[in-house]
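The values are calculated or read from the model by the stated rules, or taken from the named source; none is laboratory data. These figures come from a predicted structure and were not determined experimentally. Note that we place each Cβ from the backbone using ideal geometry, even for glycine, and neighbour counts take in every protein chain shown. We work out accessible area using only protein heavy atoms, side chains counted, and drop any ligands, DNA or RNA first. Shrake-Rupley method; radii C 1.70, N 1.55, O 1.52, S 1.80 Å.
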Amino acid sequence: MKKKLLFFSILLLFVGGISAQEIDYSQTKEYTIADITIKGTKFLDNTTLINISALEKGDKIEIPGERISNAIKQLWEQGLFSDISIDIDKVEDENVYLIINLVEHARLSKFKFIGDLKKHDITSLKEQLKLMRGKVLTDNLINNNLHKIKLYFVDKGFHNIIVNYSIEQDPLSLNSSSLTFNIDRGEKVKIKEIIIHGRELRKNDNKNFFNKVDMTYAISDYTFRKKLKETKEKKWWRIFKVSKFIETNLEIDLESIIAKYNEKGFRDARIIKDTTYLNEDNTLTLEIFVHEGNPYTFRDITFVGNTKYNNEELSNILSIEKGDIYDKSVLNSRLLGSQDGSDISSLYLDDGYLFFNANPIETATGDNQIDLEIRMYEGQQARINKVTLNGNVKTNDHVIMREIRTRPGDLFKRSDIIRTQRELSMMDYFNPETLQNIDIQPDPVRNTVDITYNVEEKSSDRINLSGGWGAGRMIGTLSLEFKNFSFRDILKPSKWVRLPSGDGQKLSLSLQSNGIYYQSYRLSFLEPWLGGKKPTSFSVSLSRNVFSNGQEGDDRESTQITGVTIGLGKRLKVPDDFFILQNSLNFEQYKLTNSQSFFSFKNGISNNINFSSILKRSSIDQPTYPRRGSEFSLSLRVTPPYSMFDGIDDYSEKTDQEKYRFMEFYKWNFKSKLYTSFTEKLVLATRLEMGLLGAYNNNLGVAPFERFYLGGSGLSGMGYQFDGRELIALRGYADNSVSPQTGGTIYNKYTSELRYAISLSPMSTVYVLGFLEAGNAWDNFDNFNPFTLKRSGGLGVRITIPGMGLMGLDYGWGFDEIPGNPNANIGQFHFSINQDF
């Protein structure tokens, strides 16, 4: 070992640049460093460099020896120099004078790219390389950036890329150089062919049409290639999927193929190898070699360690029979976690067994059959110790806590946590995509658990300031909606920094006008937890609409509508607590003065006093972009049957003013929605709705108020609310064109929408959709036919704009003609604000 060190030190003296004068290298001698001089540096501090070398004036060193070689090594590790040598200036007796010669690396002043590059490629490369002025141009730095550039273009399919570089001294900066990357991307390499080896034809248990047994692959060629999601062959018709080859994408696709084999029972399936080679036409051929093995089935499954539930109960939940295909994903979902909570783990977790664990062990295999022993640890039931909140900066704690189903002292239940996530999402105050972040801290010693709900506040208030065209005039609209208002803080000046908020109340104010001809005002307030103890809601709203010709005195023509509504709602417990019952008492008064509106009389007053009751159920997972769950509502709106005790038998002699001084009717509405998710972003939304307006007295007939008008966007505006009509959207047709001219007394409508989310950010939720709709309206029940419908289809987009809510734009085509209105079904755009068609 000593001989090796001696040889290395002598080598450094000659190769590293130490002067050999006055030194006898045949033997090691100790010297004292009399002085150290740094030469060759321009921009570095010499004292710091001497400290890095670990050589110091007055030190005793051996020459030859390790101290000199270590000093050179320490300086090299800084990456600042292109050449380092240590020379002996002179020797006086036992003193040695050292010179450290350094050649500094140049520093980067600027860099650029040369080649056939697009602007966005240059921008992306600059972001990835992160080269900054002043960086030392070491070989390592340059090589790393060359590698990054190659990877960037290889990921884009340019496998023939060539990258060179050049360094030029910058005359404008001392010890600085400019770096130029010369990039030749070459032609993009696409996959010409994918060849699959190793698949075997097997007998299909199902006979074909001719009662013969087919021979098929375990995974069809179509399915196999479909699993290669990001690795596609070059085809003329493939537009949206680029056939470029990326190694990391192939690895993911191959894992997906093996997972598919496992679902079919081929537990030994594996990819032996894959290989690629370039063709003469600059395309690439990919060959995949598969080992399938044999399909396995389940045989005997036993449970060990279970005391809470017997084997029969657990087997029924597991629902795996002898002879079923051995699919480990099915086993895991039914044992450890399924989306609908119908697995064994959920059974225990919903009964407080937080520490439950189940481990399936293969105990025997034979004849391609597998015996399983599921070893279970039940543990003790856990109770909730603490429930805390994190992240709510606007919403008060008590507003959130009253929606949380997990209470201190209760048994831990997984279903309560899932339900709490849903309830918090439905409040529409928090980002639903981050509500899954729940911190569960179990304590096995005390058999308790602490739960922290982490929420992320989002904007829930809405403001809408817009202008539009209606009834031949310009209309301005201002609406304010505060969904998280605090009425109790309204008199506290300190809470008006922005707005009193945090108590979960809802305050809405809407103003609409075009000047002296039309004014509309509406104010509403909702307290969802009246008294703060139970989910009983209280609501009140006031409204006033004035339509006139702008004149005063005898020349004035006007219709004034004044309304008041008071409502109470209650969350029910039967059949389940997704049900809500809402009741309200409503009053509307129509006052006509020389009116030229849709009414059958010009002067007088008509009163609409009715009671409304709505039974509804909602189990959707979130309000912004529902993926699963359903909604339905059944409502009944009734007025007193005045005609039964007014003593009038013949209404033909009565004027319309006398007939409708007090409106009488009953009105049924039914609406249902169902959401089915194919993926987290692809959702099918189906809807069904219908309505019926009826009369108590056939002699009086159905009132000309509250009728259904079908067609168009369903948006209300000036001139559309004279008679309390209900507007129902049917895209692809002109507004109100699908109903009789006097409105329908019965209608039905069917809708199917396929939605795809582009962005699920709460600040900018965006999704596109395709829809099919059908509906119709009739003037009386005798003409009703639920299958005589006006059909339409089209495309649309929804965008959530902060402060304004959901904005929608659809283009629809009507498939059926409207008698007497040939242009009603011409393709047209439909615009919506905070509206569900």
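Do you know which of the residues in region 779-788 that are in a loop (DSSP other than H, G, I, E, B) and touching a residue at least 24 places away in the same chain (Cβ under 8 Å) is farthest from residue 746 (Cα to Cα)? If we take residues in region 779-788 being in a loop (DSSP other than H, G, I, E, B) and touching a residue at least 24 places away in the same chain (Cβ under 8 Å), then 786 is farthest from residue 746 (Cα to Cα).
Picking from 126, 148, 112, which residue would you name as being charged (D, E, K, R), in a strand (DSSP E or B) and under 43 Å from the mean Cα position of the chain (by Cα)? It would help to see each step written out before you state the result.
Values: 126 fails: in a strand (DSSP E or B); 148 fails: in a strand (DSSP E or B).
So the residue among 126, 148, 112 that is charged (D, E, K, R), in a strand (DSSP E or B) and under 43 Å from the mean Cα position of the chain (by Cα) is 112.
Under 25 Å from residue 692 (Cβ atoms) and acidic (Asp, Glu) - does that describe any residue in region 629-638? Yes, there is a match, as at least one residue in region 629-638 is under 25 Å from residue 692 (Cβ atoms) and acidic (Asp, Glu). How many residues does region 547-571 hold that are within 34 Å of the chain's Cα centre (by Cα) and loosely packed, with under 15 Cβ neighbours inside 10 Å? So the count comes out to 0.
Contact map, region 210-230: first residue modelled with pLDDT under 80, second residue part of a helix (DSSP H, G or I) and surrounded by fewer than 17 Cβ atoms within 10 Å (Cβ to Cβ), Cβ cut-off under 9 Å, separation 6 or more or different chains; the map is empty.
If you check 310, 332, 294, 279, which single one turns out to be under 21 Å from residue 252 (Cβ atoms) and surrounded by fewer than 16 Cβ atoms within 10 Å (Cβ to Cβ)? If you could, list the steps in order and put the result at the bottom.
Details: 310 fails: under 21 Å from residue 252 (Cβ atoms); 294 fails: under 21 Å from residue 252 (Cβ atoms); 279 fails: under 21 Å from residue 252 (Cβ atoms).
Unique residue meeting the criteria: 332.
Here region 92-109 is the region considered, the condition is being of a type in the set (A, V, I, L, M, F, W, C) and over 30 Å from residue 163 (Cα atoms), and the residue that is farthest from the chain's Cα centre (by Cα) is 96.
Of all residues in region 287-296, those being in contact with an Asp or Glu (Cβ under 6 Å, 6 or more places away or on another chain) and part of a strand (DSSP E or B) number 1.
Okay, residues lined up against (1) in a loop (DSSP other than H, G, I, E, B); (2) in contact with a strand residue (DSSP E or B) (Cβ under 7 Å, 6 or more places away or on another chain):
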| position | (1), (2) |
| --- | --- |
| 723 | yes, no |
| 738 | yes, yes |
| 750 | no, yes |
| 755 | no, yes |
| 762 | yes, no |
| 767 | no, yes |
| 772 | no, yes |
| 777 | no, yes |
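Looking across region 41-55, the residues that are open to solvent by less than 50 Å² (accessible area, probe 1.4 Å) and modelled with pLDDT under 85 come down to 41, 44.
Applying the criterion of being of a type in the set (S, T, N, Q) and in a helix (DSSP H, G or I) to the residues of region 232-274, the residue that is modelled with the lowest pLDDT is 248. Taken over region 592-611, residues that are closer than 22 Å to residue 524 by Cα and open to solvent by 50 Å² or more (accessible area, probe 1.4 Å) amount to 2. Under the condition of being modelled with pLDDT of 85 or more and either part of a helix (DSSP H, G or I) or surrounded by 14 or more Cβ atoms within 10 Å (Cβ to Cβ) (or both), the residues counted in region 56-65 number 1. Of the residues that sit in region 810-837 and are hydrophobic (A, V, I, L, M, F, W, C) and touching a Phe, Trp or Tyr at 6+ places or on another chain (Cβ under 6 Å), which one is modelled with the highest pLDDT? The qualifying residue modelled with the highest pLDDT is 829.
Condition first: under 16 Å from residue 423 (Cα atoms) and part of a loop (DSSP other than H, G, I, E, B). Now tell me which residues in region 397-413 satisfy that. Outline the logic, then answer.
Of region 397-413, the ones under 16 Å from residue 423 (Cα atoms) are 397-407, 413.
Once the filter is applied, which keeps residues that are under 16 Å from residue 423 (Cα atoms) and part of a loop (DSSP other than H, G, I, E, B), region 397-413 yields 402, 403, 404, 405, 406, 407, 413.
No other residue among 476, 515, 502 is in contact (Cβ under 8 Å) with a residue 24 or more places away in the chain and surrounded by 15 or more Cβ atoms within 10 Å (Cβ to Cβ) apart from 502. When region 341-377 is filtered for residues that are in contact with a helix residue (DSSP H, G or I) (Cβ under 7 Å, 6 or more places away or on another chain) and acidic (Asp, Glu), the ones remaining, listed by number, are 343, 350.
The number of residues in region 800-820 being assigned to a strand (DSSP E or B) and open to solvent by 70 Å² or more (accessible area, probe 1.4 Å) comes to 2.
State whether the residues of region 138-154 include one that is on the phi > 0 side of the Ramachandran plot and either surrounded by 14 or more Cβ atoms within 10 Å (Cβ to Cβ) or not acidic (Asp, Glu) (or both). Looking through region 138-154, none of the residues is on the phi > 0 side of the Ramachandran plot and either surrounded by 14 or more Cβ atoms within 10 Å (Cβ to Cβ) or not acidic (Asp, Glu) (or both). Report yes if residue 394 is outside any loop (DSSP other than H, G, I, E, B) and not acidic (Asp, Glu), otherwise no. When the stated conditions are applied, residue 394 does not pass them. Residue pairs whose Cβ atoms lie under 7 Å apart, sitting 6 or more positions apart in sequence or on different chains, and linking a residue in region 243-264 that is without any contact (Cβ under 8 Å) to a residue 60 or more places away in the chain to a partner that is in a helix (DSSP H, G or I), are 253/227; 256/227; 257/224; 257/227; 260/223; 260/227. Picking from residues in region 420-457 that are open to solvent by less than 30 Å² (accessible area, probe 1.4 Å) and of a type in the set (D, E, K, R), the one that is nearest to the chain's Cα centre (by Cα) is 428. When residues in region 665-710 are screened for being charged (D, E, K, R) and touching a Gly at 6+ places or on another chain (Cβ under 6 Å), 2 of them pass.
Just to be sure before I move on: is residue 756 open to solvent by 60 Å² or more (accessible area, probe 1.4 Å), aromatic (Phe, Trp, Tyr) and either closer than 21 Å to residue 830 by Cβ or at pLDDT 95 or above (or both) in the structure I sent?
Working: open to solvent by 60 Å² or more (accessible area, probe 1.4 Å): yes; aromatic (Phe, Trp, Tyr): yes; either closer than 21 Å to residue 830 by Cβ or at pLDDT 95 or above (or both): yes.
The answer is yes for residue 756.
Between 796, 814, 808, 820, which is of a type in the set (Gly, Ala, Ser) and at positive phi?
Working: 796 fails: at positive phi; 814 fails: at positive phi; 808 fails: at positive phi.
Step by step, each of 796, 814, 808, 820 is checked, and only 820 is of a type in the set (Gly, Ala, Ser) and at positive phi.
Picking from residues in region 353-400 that are crowded, with 18+ Cβ neighbours inside 10 Å and among the polar types (S, T, N, Q), the one that is nearest to residue 444 (Cα to Cα) is 392. Residues in region 531-546 include none that are within 33 Å of the chain's Cα centre (by Cα), under 17 Å from residue 613 (Cβ atoms), of a type in the set (D, E, K, R) and open to solvent by 60 Å² or more (accessible area, probe 1.4 Å).
Taking the criterion of being in contact (Cβ under 8 Å) with a residue 60 or more places away in the chain, surrounded by 14 or more Cβ atoms within 10 Å (Cβ to Cβ) and part of a strand (DSSP E or B), would at least one residue in region 160-169 satisfy it? Yes, some residue in region 160-169 is in contact (Cβ under 8 Å) with a residue 60 or more places away in the chain, surrounded by 14 or more Cβ atoms within 10 Å (Cβ to Cβ) and part of a strand (DSSP E or B).
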